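Here the structure comes first, spelled out in structure tokens, and everything after it is commentary.
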Amino acid sequence: MRIPRWLPVVLFGVAIALLWTIVEVVAPAAIRSAHSGRGPLALRNALSGRDVHPASHYVAVWRHRARPAAVAVTVVGLVAATLSSVAVRRRIARALVPRAGSPAASLPPPGRRAAVTCLALGFAGGSLIELAIDPPYRGEHWPFSQYRMYSETPRRSPLVGRRLFGVTAEDPAREIPLQGAYIRPFDGPRLAISFDRLDQAPDRERLLTAALADCLRRYELRRARGAHAGPRLEALRLYRLTWNVDDRASTRDSPGKELIWEVQASNPPTRSR
Amino acid sequence: MLFFALMVVFFARRDYAGWADVSRVFWKPVGIVALLRLPVLPQPALAAFSVAWKALLVLSALGIFTRISTAGAFLLGTYLIGIPESFGKIHHADAILVWAMATLALSRSGDGWSVDALMRAARRPELPSTPRSGEYTWPIRMMWLVMSIIFFSAGVSKLRHGGLAFVTSDALATHFIHSNYGLGRPAGAPLVDWGLWFAHHPVLCRAMGAGSLLFELALPLALFSRWARRLVVPGVFSLQLGITFLMGPDFLRFAFCYLFWVPWEKIGVALKKSTDTKNRHQFLYDGSCGLCQKTVAVVRRLDVLDRIVFRDALRDWPAIRTEFPTLSQEACLENMHVVTASGRVETGFDAYRAISWSLPLLWPIAPLLYVPLVPAVGRRVYAAVARGRHRGGCPVPTRSAAP
């Protein structure tokens, strides 16, 4: 029996519509129902801690996990449906054949072809695995990455960050933000994210003391070498800065400051390395 | 060549030795650095590695010992770029350089414009310049693949973590505003504060978000479609440029990899077509002399715009005599002659000086050939080499080989 050309497309359309109905309508309804104590026992048991979390929490978790999978299935299905067309397959085959007039390009030797294939598959495979497992920020398997910059929806206000300040050895003492040449070889993001990690570590006091002392030591060392023209410092302070963000950035120079840690130059602790 | 030249310029003043002096409390190895347990070497070793890497980048840019220098640049570069990634934050614009260096290390990039290619041409003048082979196209396709997957991953990550919020919410407007908060965003201030203006126009921000997402997800199409290459590649380039201008983080080193999307071959053909065939120099040489053949092979390699017509004064003499009746064959066989587009005849060192202006690759050294004393020394050296060639088995033929 000859299968009509339109049948795979229609079947595909129905299957995708069904999939998205399940993802967006059926499953959330089932979750809400199970959360309120109705529906299958297995599903009710799966919602552990439903006394604590509202139904919307479980629906959000479901959507967070199910939507990417549904998008992947839709994309794969679209490709498959497109390739089911004889005309499309013929066009692709035509595109891959060199044009009649063009001089034929010779292929590299088999060994090199294998090496190139390994490189391409290694990169593509590693990247797709990284994308699939979606490791936490800073847990990426460099040089692979899922490139999640700007992927999370930021909260407009407040804007919070840990920043390093030096206290000058002047009378009166001033606080200056440490950035640029003052913190080399670090740059701003690397130092800020390092302090985020250290401040959340179980032995944060030891780590922050060592880290600040190290920054102060390098600052003074580089100052003595003439690598920067900053003033002599008598202390280093790590602050948590909080900005109440407004749309014109008019509060950019007036953040709230909360001291997290301080190290004095007169009594530098022993380095931890 | 151009990619490595940009790498040299960008990394010339980067100090890697400084990482040896940073406390271990900051050290948190990532990816390949953790997998291979790569250590932070002592300062002298890191400084030596850094110098060696930059030297290898220079050699790769010039195409000297290309296979070895590109492989070395990849290995040392992966280590040196990987070390800072393990101190706090992974910079996403760095990893692509590692992939590009890996690709070029495996490629035969030195067969194109390189000192190696010139030396090979001098040693084996009979070989064709670069045969048409998949050897010279796969590195470009590989970098297309790398960039496509990177942008596609960025698009999928946005969908995964925020759904369509990047388009439908004020996410981009918030990024624009935060970017103008100085210390609040340590990645660097945006080049302009127009982001604040955009933030007041949510529809524009959402349109920009939709465009960004669409370009990121669509870049893999550029692997197969010429139209996608023309549309999406400039699109993602504009996207990164927009981030730098409106949000701060710079993608300069990432931008080096856009070189792989430039249709250099088509540009070369177009430039050659634009060259006026009537305004070409005539390069007259002794075709029976091995040294002259080597010289011609090298000059041919340098003549990327087809600005020179090479003519054998032995075999093509009847035609040359008709065209330039004032020239004598003996003189043309004795010394290299160049008849410039304006009809001026230059010989020996002056002939080289004349053609140096026709060959863009020689433009950097062309002015040096006019520095006082250089012409005098150059003419003497040329005369000495010309005398040497006659003594060394390249005798000047006494008559035309043509009937």
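The values are calculated or read from the model by the stated rules, or taken from the named source; none is laboratory data. Not measured: the values here are computed from a predicted model. Virtual Cβ from ideal backbone geometry, glycine too; neighbours counted across all protein chains shown. Note: accessible area is taken over every heavy atom of the protein model, side chains too, but ligands, DNA and RNA are not part of it. Shrake-Rupley method; radii C 1.70, N 1.55, O 1.52, S 1.80 Å.
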Positive-end residue, chain B charge dipole about Cα centroid, Cβ charges, pick of B:PHE176, B:ALA319, B:LEU219: B:ALA319
Rounded to 10°, Cα long-axis angle of helix A:110-133 versus longest principal axis of chain A: 70 degrees
Chymotrypsin sites (Phe, Trp or Tyr not before Pro) lying in DSSP loop within the stretch A:225-267, provided at most 11 other Cβ fall within 10 Å: none
Rounded tilt (10° steps) of A:204-225 against the dominant C-alpha axis of chain A: 70 degrees
Positive-pole candidate from A:TRP6, A:HIS53, A:THR74, dipole of the stretch A:1-96, charges at beta carbon: A:TRP6
B:HIS201/A:VAL61 FRET efficiency (R0 22 Å; Cβ-Cβ; nearest 0.05): 0.05
Heavy-atom accessible surface of the stretch A:1-96: percent carbon and sulfur, 1.4 Å: 69 percent
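Taking the Cα centre of the stretch A:1-57 as origin and charging only Cβ (+1 Lys, Arg; -1 Asp, Glu), how large is the dipole, in debye to the nearest 20? Walk me through the numbers on the way to the answer.
Details: 6 positive and 2 negative charges, 40 e Å.
Taking the Cα centre of the stretch A:1-57 as origin, the dipole is about 200 debye.
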Residue-wise HN-Hα coupling along the stretch A:249-258, computed from phi with Karplus coefficients 6.51, -1.76, 1.60 (Hz; x: Gly, Pro): 6, 6, 9, 4, 9, 10, x, x, 10, 10
Top of B:ALA331, B:ALA95, B:ALA71 by mean-square fluctuation, Gaussian network on chain B, Cα under 10 Å: B:ALA331
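Just flag the trypsin sites (Lys or Arg not before Pro) in the stretch B:53-150 sitting in loop per DSSP whose Cβ has no more than 13 other Cβ atoms within 10 Å. Present the calculation step by step, with values, prior to reporting the outcome.
Working: sites: B:LYS54, B:ARG67, B:LYS89, B:ARG108, B:ARG120, B:ARG123, B:ARG132, B:ARG141; in loops: B:LYS89, B:ARG108, B:ARG132.
Answer in residue order: B:ARG132.
If you count, for every residue in B:104-116, the Cβ atoms of partner chains within 10 Å of its Cβ, what is the mean? Could you put the intermediate results ahead of the total?
On the way: counts 0, 1, 5, 4, 2, 0, 0, 0, 0, 0, 0, 0, 0.
Taking the mean over all residues of the peptide, I get 1.
With every protein chain kept in the model, how would you rank B:LYS273, B:LYS28, B:LYS158 by accessible area, 1.4 Å probe, largest at the top? Kindly include the intermediate steps, with their values, before the conclusion.
Numbers: B:LYS273 165, B:LYS28 80, B:LYS158 10 Å².
The residues order as B:LYS273, B:LYS28, B:LYS158, largest area first.
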Cβ-based charge dipole, the stretch A:159-264, positive-most Cα from A:THR242, A:GLY188, A:LEU259: A:GLY188
Calculated from backbone phi, Karplus (6.51, -1.76, 1.60) coupling profile of the stretch A:43-57 in Hz, x at Gly/Pro: 5, 5, 5, 5, 7, 5, x, 6, 6, 8, 8, x, 4, 4, 5
In order through the stretch B:182-198: 3J(HN,Hα) via Karplus (6.51 cos²θ - 1.76 cosθ + 1.60), integer Hz, x for Gly, Pro: x, 4, x, 10, x, 5, x, 6, x, 5, 9, 9, 5, x, 5, 5, 4
Heavy-atom accessible area per residue - the protein assembly as shown, 1.4 Å, Å²: 52 Å²
Amide H contacts under 5 Å for B:VAL309, placed H, 5+ residues apart: B:HIS281, B:GLN282, B:PHE283
For A:ALA115, net neighbour charge (Lys/Arg +1, Asp/Glu -1) across residues whose Cβ lies under 14 Å away: +3
A:GLU258 paired with A:SER157, simple spin-label distance in nm, labels 7 Å along Cα-to-beta-carbon: 1.8 nm
Debye, to nearest 20: dipole size of the stretch A:1-96, +1 on Lys, Arg Cβ, -1 on Asp, Glu Cβ: 460 debye
Under 5 Å, built H, 5+ apart or other chain: amide partners of B:SER133: A:SER106
For residues of A:242-255, the mean tally of beta carbons on other chains within 10 Å: 4
Of all DSSP beta bridges in the protein assembly as shown, antiparallel share, percent nearest 5: 80 percent
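Compute, for chain B, the length of the dipole vector about the Cα centre, with Cβ point charges of +1 (Lys, Arg) and -1 (Asp, Glu) only. Units Debye, rounded to 20. Show your work: numbers first, answer last.
On the way: 42 positive and 24 negative charges, 126 e Å.
Here chain B has a charge dipole of around 600 debye.
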Nonlocal amide H pairs with A:TRP261, under 5 Å, H built at 1.01 Å: A:LEU238
R0 of 56 Å, Cβ-Cβ distance A:GLU220-B:GLU126: FRET efficiency to nearest 0.05: 0.30
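From the helices alone, meaning DSSP H stretches of at least four residues, give me the mean residue ellipticity at 222 nm for chain A, per-run term -39500 (n - 2.57), in deg cm²/dmol to the nearest 500. Don't jump to the answer; show the numbers that get you there.
Working: 8 runs with 130 residues, N = 273.
That comes out to -16000 deg cm²/dmol.
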Relative contact order (percent, whole number), chain B, Cα cutoff 8 Å, 6+ residue spacing: 12 percent
The stretch B:295-367 versus the stretch A:188-259: alpha-carbon centroid distance in Å: 65 Å
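Taking every residue in B:138-144, how many Cβ atoms of other protein chains lie within 10 Å of its Cβ, on average? Don't jump to the answer; show the numbers that get you there.
Details: counts 8, 2, 0, 2, 4, 0, 0.
The shielding value for this peptide is 2.
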B:CYS332 accessible area, assembled protein chains, probe 1.4 Å, Å²: 0 Å²
Percent RCO, i.e. relative contact order, over the stretch A:159-264, from Cα pairs under 8 Å lying at least 6 residues apart: 35 percent
